[in-house]
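Here's the structure we're looking at; comments come further down.
The values are calculated or read from the model by the stated rules, or taken from the named source; none is laboratory data. Only a predicted model underlies this, so the values are computations on that prediction, with no experimental measurement involved. Reconstructed Cβ throughout: ideal geometry from the backbone, glycine too, with neighbour counts over all protein chains shown. Quick note on the areas: whole protein, heavy atoms, side chains included, nothing else; ligands and nucleic acids left out. Shrake-Rupley method; radii C 1.70, N 1.55, O 1.52, S 1.80 Å.
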Amino acid sequence: MNWLIWVAAAMFVGSLAQSITGFGFSLVAVSLMTVVISPTNAIVGQTLASLPITIIVARKLWPLADRVAIRQLLPGSIIGMPLGLVIAARVSDKSLRFAVGIAVIFAAVSIATGWRLPKTNRYAEYFGGLVSGVLATTTGTNGPPLVISLAARDLAPAAFRATLQALFVVSSVISLPLFAIAGSVTKVSLQTAAISFLPTVAGRVIGERVFDRLDVQTFRRIVLAMLFLAGGVALAKASVS
């Protein structure tokens, strides 16, 4: 199969997942794309392709977003992104994949067992933002720390999704110039973005229709299934790489 077709399919599935749950684009799309292209090209390509539609969706959902959560998670995330570039240049891909797998599985277990961060512990949210920022520029999987932090607030699915979208927009806008400075924007990443735009839009449109039919319990089960699957994939890749 031509690698561009594989990439387009991966982006469609990732976009569909994120549209339904509010996160998971990178967890799904990047994991699938790294079968045919490098992790860096996959991360940069999906960030470029998803940014326009993510901005549109975030703007639409902004009235539902939790402003307090955004204010507490953003500072650490902004600090963590350049730090992540430094770490990525010094740590092996295998170590990064293993760390991501552990973090994602921890997120899934914490939600499944009902474990929550203390709602008044804003320092934990600052740290969650920092970890998210680091992961954004090392592996592209910055969703799990945000999921853990937002789970402590018991947000309704719509507010959960809206808050994540707002955070993802800021992350993408800041990380793309950092990738360019680091020399990570390549011909392959640009081709990935170009071929992925329409599949990304299609995934969003279909996912929005699915989301409107979900109840809270079904939504929660989908989030958990995605986290366990993504964590398992990351650990499997680390064990064979």
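Identify all residues within the range 34-55 that are of a type in the set (S, T, Y) and over 14 Å from P199 (Cβ atoms); write none if there are none. Result: T34, S38, T40, T47, T54.
The residue that is farthest from L83 (Cα to Cα), counting only those in the range 147-180 that are free of Cβ contacts under 8 Å to residues at least 40 places away in the same chain and of a type in the set (A, V, I, L, M, F, W, C), is A152.
Being open to solvent by 50 Å² or more (accessible area, probe 1.4 Å) and part of a helix (DSSP H, G or I) is the filter here, so list the residues in the range 10-51 that pass it. Listed by number, the residues that qualify are F12, V13, L32, T40, L48. Among the criteria (1) over 18 Å from A225 (Cα atoms); (2) surrounded by 15 or more Cβ atoms within 10 Å (Cβ to Cβ); (3) modelled with pLDDT of 80 or more, the one R97 does not fulfil is (3). The helices (runs of 4 or more DSSP H) found entirely in the range 127-241 that carry 2 or more residues being touching a Lys or Arg at 6+ places or on another chain (Cβ under 9 Å), aliphatic (A, V, I, L, M) and at pLDDT 85 or above are 157-181.
Every condition in (1) open to solvent by 10 Å² or more (accessible area, probe 1.4 Å); (2) β-branched (V, I, T); (3) under 23 Å from I70 (Cα atoms) is met by T163 except one, and the failing one is (1). Residue-level analysis places G183 among those that are open to solvent by 50 Å² or more (accessible area, probe 1.4 Å) and on the phi > 0 side of the Ramachandran plot. Whether a residue is out of contact with any Phe, Trp or Tyr (no Cβ under 7 Å at 6 or more places or on another chain) and surrounded by 19 or more Cβ atoms within 10 Å (Cβ to Cβ) was assessed, and V134 passes this test. Taking each residue of the range 65-76 that is over 18 Å from V134 (Cα atoms) and looking for partners that are polar (S, T, N, Q) with beta-carbon atoms closer than 6 Å, six or more apart or interchain, yields A65/T163; D66/T163; A69/T163.
On the stretch given as the range 63-116, residues that are in a loop (DSSP other than H, G, I, E, B) and not basic (K, R) total 7.
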